[in-house]
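Just so it is clear, none of the values below were taken in a lab; they were calculated from the coordinates. Since this is a predicted model, take the numbers as computed values, not measurements. Here Cβ is always computed from backbone atoms with ideal geometry, including for glycine, and neighbour counts include all displayed protein chains.
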Amino acid sequence: MYRHCLVAAPGLVTASSVLVAYYIALCPVIWRCAMHNLYIPVVLILFSIVALFGYEYSADSRVNTDAQQAISAALGTSSEVALVESHEVNSGYGLCGSYRLATAEDEAAPFFYSKVDDDAELDAESRRYRMNCGE
């Protein structure tokens, strides 16, 4: 652990040997300070990674909530909408998938949600749906 510390030759009392002796005495302190200074960047890097992935996770869940609200508005209902499956399209500017009303036992219906317009297209035969979702 302290292999970088110098050892003075016994019997030599010179100015350099006195400096070496002080260095050897301070070596554990210097080593602890060096390790302490290493912890700060490591903690900052780990914090940055956690913050980045946490933001991405919250942004994805926010998009799903926005899509559910847009589908409810397009249907003109206040009942809860559940997204059965969804995937991003157009480099992340849109969301295609299937939804189902939480209160109904109907099969899932397709939708396209535009993040730019904050608007949902529920007609699978519409030009906008076919251009973005490709079905």
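The requirement of being of a type in the set (G, A, S), surrounded by 14 or more Cβ atoms within 10 Å (Cβ to Cβ) and outside any loop (DSSP other than H, G, I, E, B) is satisfied by A70. Can you tell me which residue in the range 90-135 is surrounded by the fewest Cβ atoms within 10 Å (Cβ to Cβ), limited to those that are more than 18 Å from Q69 (Cα to Cα) and small (G, A, S)? The extreme case among them is S91.
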